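Shown next, in structure tokens, is the structure this report addresses.
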Amino acid sequence: RAAWHLGHLIESATRGRLLATPTFDVLLRKDPPLIRVPDLVIVSREQTPSGNRATADAVSLVVEVLSPTTRATDLGRKRHDYGGASIPAYLLLELHPSRPTFTLLTDPVDGDYRVESAGDSVVLHIAGHEIPVHADDVFR
């Protein structure tokens, strides 16, 4: 539900110029093929792909919700894969019962990101939009 709330917030804040799509395939590499399915994918409305697959160059942001079973993959392999495909931003949502948090990774270089911010609020800079997000907006 957190990814759904975040997607709705992004679409509303951009007046529908950005599209939030849950469980959308992202083709990160063509040969050999590498496909990931993030919890949420943000693309511009103009670049909305047909079907349920986007190429990495059409994606502005990928979002993963960390869980005990996906944590290592989301923080390791997927971080490297998304960064290697030059997806501009990668947002991790951590569902701590006492204090849910965000970690925003940006500026991919050589298959890795820099940590732009971490905490209970974040400002997303996506496709020319500045979107402030607080944990209370997403983790309901």
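Calculated from DSSP H runs of 4 or more alone, at -39500 (n - 2.57) each and per residue, what is the 222 nm mean residue ellipticity of the chain, nearest 500?
Values: 4 runs with 29 residues, N = 140.
Estimated from H runs of four or more residues: -5500 deg cm²/dmol.
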Modelled FRET efficiency - R0 30 Å, Asp120 with Thr70, Cβ distances, 0.05 increments: 0.90
Evaluated over the chain, the Cα radius of gyration and Dmax, each in Å: 13.9, 43
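Tell me, what is the per residue accessible area of the chain in Å², probe radius 1.4 Å? Kindly include the intermediate steps, with their values, before the conclusion.
Values: 7340 Å² over 140 residues.
Result: 52 Å² of accessible area for each residue.
Rounded, prolate or oblate, given the Cα gyration tensor of segment 70-139, with a/c below 1.5 counting as rounded? Walk me through the intermediate numbers first.
Values: a/c = 2.61, a/b = 1.28, b/c = 2.04.
Oblate, because a/c is 1.5 or more while a/b does not exceed b/c.
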Phi to ³J(HN,Hα) by Karplus 6.51 cos²θ - 1.76 cosθ + 1.60 over segment 21-33, Hz, x for Gly, Pro: 10, x, 6, 9, 5, 10, 7, 8, 8, 8, 9, x, x
Cβ-derived FRET efficiency at R0 25 Å, Arg45 paired with Arg140, nearest 0.05: 0.45
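Just in segment 17-118: which trypsin sites (Lys or Arg not before Pro) are loop by DSSP and have at most 16 other Cβ atoms within 10 Å? Let's see the in-between values first.
Values: sites: Arg17, Arg29, Lys30, Arg36, Arg45, Arg53, Arg71, Arg77, Lys78, Arg79, Arg114; in loops: Arg17.
Answer in residue order: Arg17.
Percent of alpha carbon pairs in segment 1-66 separated by more than 15 Å?
47 percent
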Heavy-atom accessible surface of the chain: percent carbon and sulfur, 1.4 Å: 50 percent
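With a/c under 1.5 counting as rounded, go ahead and sort segment 69-109 into rounded, prolate or oblate using the C-alpha gyration tensor (a ≥ b ≥ c being the square roots of the eigenvalues; past the cut-off, prolate if a/b is larger than b/c, else oblate).
Values: a/c = 4.15, a/b = 1.70, b/c = 2.44.
Taking the square roots of the gyration eigenvalues as a ≥ b ≥ c, segment 69-109 is oblate.
For segment 39-94, report the convex hull volume of the alpha-carbon atoms normalised per residue, in Å³, without decimals. Walk me through the numbers before you get to the answer.
Numbers: hull volume 4.2 nm³, N = 56.
Residue-normalised Cα hull volume stands at 75 Å³.
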Label-point separation, Leu95 to Val109 (7 Å along Cα→Cβ), nm: 3.5 nm
For segment 22-83 versus segment 105-132, the gap between their alpha-carbon centres in whole angstrom: 15 Å
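Based on the Cβ-Cβ distance of Arg15 and Val37, what FRET efficiency does E = 1/(1 + (r/R0)^6) give at R0 = 30 Å, to the nearest 0.05?
Details: r = 27 Å, r/R0 = 0.91.
About 0.65, to the nearest 0.05.
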Gain on full stretching of the segment that runs from Arg77 to Asp57 - 0.36 nm per residue minus C-alpha separation: 5.3 nm
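How high is the relative contact order of segment 1-130? Use alpha-carbon pairs under 8 Å, at least six apart in sequence, and give a whole percent. Could you put the intermediate results ahead of the total?
Numbers: 256 pairs, mean separation 22.2, N = 130.
Over segment 1-130, the number comes to 17 percent.
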Length released on extending from His8 to Lys30, taking residue separation times 0.36 nm less the Cα-Cα span: 4.9 nm
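The values are calculated or read from the model by the stated rules, or taken from the named source; none is laboratory data. Treat the numbers as computed from the prediction; the structure is a model and nothing was measured. Neighbour counts run over all protein chains shown; Cβ positions are idealised from the backbone, glycine included. Just the protein is used for accessible areas: all its heavy atoms, side chains included, with ligands, DNA and RNA removed. Shrake-Rupley method; radii C 1.70, N 1.55, O 1.52, S 1.80 Å.
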